[in-house]
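Q: What follows is a single structure, and I will ask about it in a moment.
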Amino acid sequence: MIIISTPIIEVKDVKKVYRIGTNSLNALDGVSFTIDEGEFCCIVGRSGSGKSTLLNLMAGLEAVTSGQIIIAGKHVEKMTESELILFRQKNIGFVFQSFNLITSMNALENTALPLTFRGMNKKTRDKKAMDMLKAVGLGTHWKHKPSQMSGGQQQRTGLARALVLDPKIVFADEPTGNLDSKTSEEVMDLITGLMRQRNQTFIMVSHDPSMAAYADKVIHMLDGKVVDMTFNEHENRSNPSEPESVNQ
């Protein structure tokens, strides 16, 4: 039986130009690719390559200059700001490099926060948040505030917050950038396991080439362009063999 993959994200000839006085900066220059449902994609490139700009455009945090971004069948580039807010609430979760936890809230409250925007009652949202904290290994740390947690525990809380709404897609901007190598590996193993278990699409931006080993698809960027695309075998993600390369 032939299994046909279904793209959940389509990026078509996307360009992003920033105007700085009388000068123009081409942050993205005709980027095109697709990401399938349930796929783990890593976008890699050095500083200034355009990878974070690309992530922001896919998440609807910035507007494209030209081109199309289609997510779950919807044209993100055509949405109004209010439509984008509702779309993100329904479909997208975020994991940040700097964790972005509210310092006055404990882990349970931080995780439950997105559920308040859906009008969910406190008992229900606390139960969902606790279940998610248990899933990321923090079931006994739910009372801890960010100042009482390690970097790894804060990032696990950030992951729980991103997943508590069961989004179709999770975007992560340098999710291990503030962690040491051992904790980075633990967090990435956790993310990989949860994404596979929940069949969610995960798109991560990283300047660290070692992070690409966890992904199904690796998009290599340089000077605002996709210069290469490589694929890792699922069966050996943590120590992949030489990846297959597709030049763009």
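The values are calculated or read from the model by the stated rules, or taken from the named source; none is laboratory data. As the structure is a prediction and not an experimental result, all values here were calculated from the model. Cβ coordinates were reconstructed from backbone atoms using ideal geometry, including for glycine residues, and neighbour counts include every protein chain displayed.
Q: In the stretch 124-149, what residues are among the small types (G, A, S) and either part of a helix (DSSP H, G or I) or more than 19 Å from I102 (Cα to Cα) (or both)?
A: Of everything in the stretch 124-149, those that are among the small types (G, A, S) and either part of a helix (DSSP H, G or I) or more than 19 Å from I102 (Cα to Cα) (or both) turn out to be A129, A135, G137, S147.
Q: May I ask you to list pairs of residues, at least six apart or on different chains, whose Cβ atoms are under 7 Å apart, with the first in the stretch 200-227 being without any contact (Cβ under 8 Å) to a residue 40 or more places away in the chain and the second being hydrophobic (A, V, I, L, M, F, W, C) and surrounded by 21 or more Cβ atoms within 10 Å (Cβ to Cβ)?
A: From residues that are without any contact (Cβ under 8 Å) to a residue 40 or more places away in the chain, the pairs are V227/M221.
Q: Go through the stretch 73-101 and give me each residue that's in contact (Cβ under 8 Å) with a residue 24 or more places away in the chain, part of a loop (DSSP other than H, G, I, E, B) and either surrounded by fewer than 17 Cβ atoms within 10 Å (Cβ to Cβ) or among the charged types (D, E, K, R) (or both).
A: Passing the criteria: S98, N100.
Q: Also, quick follow-up: Kindly provide the set of residues from the stretch 187-211 that are in contact with a helix residue (DSSP H, G or I) (Cβ under 6 Å, 6 or more places away or on another chain) and more than 18 Å from I8 (Cα to Cα), ordered by number.
A: Listed by number, the residues that qualify are V187, M188, T192.
Q: Please determine, by comparing only the residues of the stretch 216-238 that are part of a loop (DSSP other than H, G, I, E, B) and touching a Pro at 6+ places or on another chain (Cβ under 9 Å), which one is modelled with the lowest pLDDT.
A: My answer is E233.
Q: Right, something else. Please indicate, with yes or no, whether at least one residue in the stretch 22-30 is surrounded by fewer than 16 Cβ atoms within 10 Å (Cβ to Cβ), part of a strand (DSSP E or B) and either on the phi > 0 side of the Ramachandran plot or in contact with a helix residue (DSSP H, G or I) (Cβ under 7 Å, 6 or more places away or on another chain) (or both).
A: Looking for residues that are surrounded by fewer than 16 Cβ atoms within 10 Å (Cβ to Cβ), part of a strand (DSSP E or B) and either on the phi > 0 side of the Ramachandran plot or in contact with a helix residue (DSSP H, G or I) (Cβ under 7 Å, 6 or more places away or on another chain) (or both), one finds at least one in the stretch 22-30, hence yes.
Q: If you scan the stretch 124-163, which residues turn out to be among the β-branched types (V, I, T), surrounded by fewer than 21 Cβ atoms within 10 Å (Cβ to Cβ) and within 12 Å of L108 (Cβ to Cβ)?
A: Selection gives T140 alone.
Q: Among the numbered criteria (1) touching a Phe, Trp or Tyr at 6+ places or on another chain (Cβ under 6 Å); (2) closer than 30 Å to S184 by Cα, which one does L61 miss?
A: (1)
Q: Which of the residues that make up the stretch 47-72 are crowded, with 19+ Cβ neighbours inside 10 Å, assigned to a loop (DSSP other than H, G, I, E, B) and of a type in the set (V, I, T)?
A: Once the filter is applied, which keeps residues that are crowded, with 19+ Cβ neighbours inside 10 Å, assigned to a loop (DSSP other than H, G, I, E, B) and of a type in the set (V, I, T), the stretch 47-72 yields only V64.
Q: Same structure again: I'm checking my understanding of the structure. Among residues of the stretch 154-203 that are β-branched (V, I, T) and in a loop (DSSP other than H, G, I, E, B), which one is modelled with the lowest pLDDT?
A: T176
Q: Identify, by number, the condition in (1) in contact with a Lys or Arg (Cβ under 8 Å, 6 or more places away or on another chain); (2) closer than 30 Å to A112 by Cα; (3) at pLDDT 95 or above that L28 doesn't meet.
A: Of everything listed in (1) in contact with a Lys or Arg (Cβ under 8 Å, 6 or more places away or on another chain); (2) closer than 30 Å to A112 by Cα; (3) at pLDDT 95 or above, L28 misses just condition (2).
Q: Just checking, does the stretch 112-123 include any residue being buried (at least 20 other Cβ atoms within 10 Å of the Cβ) and either part of a loop (DSSP other than H, G, I, E, B) or not aliphatic (A, V, I, L, M) (or both)?
A: So far as the stretch 112-123 goes, yes, one or more of its residues are buried (at least 20 other Cβ atoms within 10 Å of the Cβ) and either part of a loop (DSSP other than H, G, I, E, B) or not aliphatic (A, V, I, L, M) (or both).
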